[in-house]
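Right, one structure below, let's go through it.
Values in this text are rule-based calculations from the coordinates and carry no lab data. Quick caveat, the model's predicted, so the values are computed rather than measured. Ideal geometry is used to build each Cβ from the backbone, glycine not excepted, and the neighbour counts take in all protein chains shown.
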Amino acid sequence: MSLFASVEMAPRDPILGVTEQYLADPRPNKVNLGVGVYSDDKGRLPELEAVQQVEQALLRQHPLYHYLPIDGLPAYTAATRELLFGADSPLLECGRVITAQTLGGSGALRVGADLLKVVLGDKAVVAISDPSWGNHYALFRAAGFTLLDYRYYDAATHGLDFPGMLEDLGRLAPGSVVLLHACCHNPTGVDLKPEQWTQVAALMKERALLPFVDMAYQGFHRGISEDAMAIRFLVDAGVENLLVANSYSKNFSLYGERVGALSFVGRDHNESERVRSKVKQIIRATYSSPPTHGASLVAGVLASDELRALWKKELAQMCARIQSMRARLIDRLAALGAPDFSFINHQTGMFSYSGLGKAQVERLRQDNAIYAVSSGRICIAALTSSNLEHVAQSLAALFRQK
Ligand code: LMR
């Protein structure tokens, strides 16, 4: 009898499992609108010019691949702190922010969750927006947290249920962790306005809640510094502790390099350094230390004014293409007599929370080889001039069948 005889087959991952199914599909007209990956209009992953320039320079220098420090490449973590908090932030000056390089945004969330579990013990509770990115639940559950929902999306208006959100957050016990999406909310694309962030930040402070900000799409809405406003509002509200998980997968098109970071704001420098020592312990016991290449690319771009400007320009071009695909999809659907889809124009980031149900998503897969997440999330950033018509026709046919 095998030791593993009782192991049951786990379900596919709700997002990456869609890619597995897509890859196994032999149909030539297949389209993957599941995973959040930006492609150019030819359906290719873009290689950013700013990144390539650093890559070439690195090749010429022929770097040696020593172990990095446990908490990562210092130039990378310093540049990340500035990008998130602003180079002129007083928090940086007094050493209240520590940053550790992590394996993507997921790695940052998991190291952060493990840290919080050590600190909070049995009281580790996290409130997550309803709905949220599927892996948020999995990561915090795996770290031993109790999971709670707070109201967020209002399906009737395709907008934010802000009163519901405030009410639910206001009921949380002090010390509860609140997971907040900084921008380009995944999956809904519905974000808080600046005045709403001010209110949420004030509530966090007043109720002594612990914000954990997830920022995987910085630069995909209003711009690099504008998209980090949630962090600034929380800091301005006087929140004493704060965690931020950020990722460069999307905004540097470096998905497989797993470049992310966890930042922690402490009450003072001493507290932050003690927390850094715990973060390092967790990383060492999990994957020892992070990889060199992706972080060197990001650090190289951010260290040069010229390359940083080029990167921002290339990022703005990605955003413009997504926006134009939103408009083109809405127009084609209207021309084909489908229900009004104009709400997707107001959604931010890569996704559209289309309102499609699980059965409709399944029908799209079976009948049209179009892959989406079963929640109805579709990746607008994967639409191209070549697949748009197939997607629009298939969606329109779906509504005719209803
Ligand atoms: C997504 O939401 O599709 C991306 O963040 C990729 C992932 O890891 O789920």
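What nm distance separates the two modelled labels at A138 and D268, each placed 7 Å from Cα along Cα→Cβ? Distance between the two pseudo-spin positions: 4.2 nm.
Length gain on complete extension for the stretch D149 to V118, per 0.36 nm per residue less the alpha carbon to alpha carbon distance?
In short, 8.9 nm is gained.
Calculated FRET efficiency, V7 to S288, Cβ-Cβ distance, R0 = 22 Å: about 0.25 to the nearest 0.05. The chain has equivalent-ellipsoid semi-axes of 33, 26, 22 Å, by the square roots of 5 times the alpha carbon gyration tensor eigenvalues, sorted largest first. The orientation-averaged shadow of the Cα convex hull for the stretch 189-291, equal to a quarter of the hull surface, comes to 7.6 nm².
Between D236 and Q196, 0.36 nm times their residue separation minus their Cα-Cα distance comes to what?
Value of the extension gain: 13.0 nm.
Kirkwood radius and radius of gyration were both taken over the C-alpha atoms of the stretch 311-402, and their ratio Rg/Rh is 0.97. The C-alpha atoms of the chain define a longest principal axis, and helix 305-335 lies at about 30 degrees to it. Cβ-to-Cβ counts within 10 Å put D214, D154 in ascending order as D154, D214, the fewest first.
For the residues M318, M204, M165, a GNM of the chain with alpha-carbon springs under 10 Å puts the largest fluctuation on M165. Residue by residue, the stretch 138-151 carries 3J(HN,Hα) couplings of 4, 5, 6, 5, 5, 7, x, 7, 8, 9, 10, 9, 10, 4 Hz when phi is fed to the Karplus relation 6.51 cos²θ - 1.76 cosθ + 1.60 (θ = phi - 60°); x denotes Gly or Pro. Projected over all directions and averaged, the alpha-carbon convex hull of the stretch 295-347 occupies 4.7 nm².
Can you give the FRET efficiency for D367 and Q21, using 1/(1 + (r/R0)^6), R0 = 22 Å, r = Cβ-Cβ distance, to the nearest 0.05? FRET efficiency, D367 to Q21: 0.90. The 3J(HN,Hα) values that the Karplus relation (6.51, -1.76, 1.60; θ = phi - 60°) gives for the stretch 9-17 are, in residue order, 5, 7, x, 4, 5, x, 10, 5, x Hz. Gly and Pro appear as x. Each listed q (0.17, 0.18, 0.20 Å⁻¹) maps to a log10 I(q)/I(0) for the stretch 4-120, found by the Debye formula over equal Cα scatterers with no solvent: -1.19, -1.21, -1.23. Think of the chain as a dipole: +1 on every Lys or Arg Cβ, -1 on every Asp or Glu Cβ, centred on the Cα centre; then among T146, F343, G238, T146 lies furthest on the positive end. Amide H contacts of A127: L148, V177, V178, L179, each under 5 Å away and 5 or more positions distant or on a separate chain (H built 1.01 Å from N in the peptide plane; Pro and chain starts excluded). Among V111, V301, V119, which one shows the biggest mean-square fluctuation in a GNM of the chain, springs joining Cα atoms closer than 10 Å? Of the options given, V119 has the highest mean-square fluctuation. Based on Cα atoms of the stretch 235-372, Rg over Rh with Rh as the Kirkwood radius reads 1.10. When DSSP beta bridges are restricted to pairs lying wholly in the chain, around 50% turn out antiparallel.
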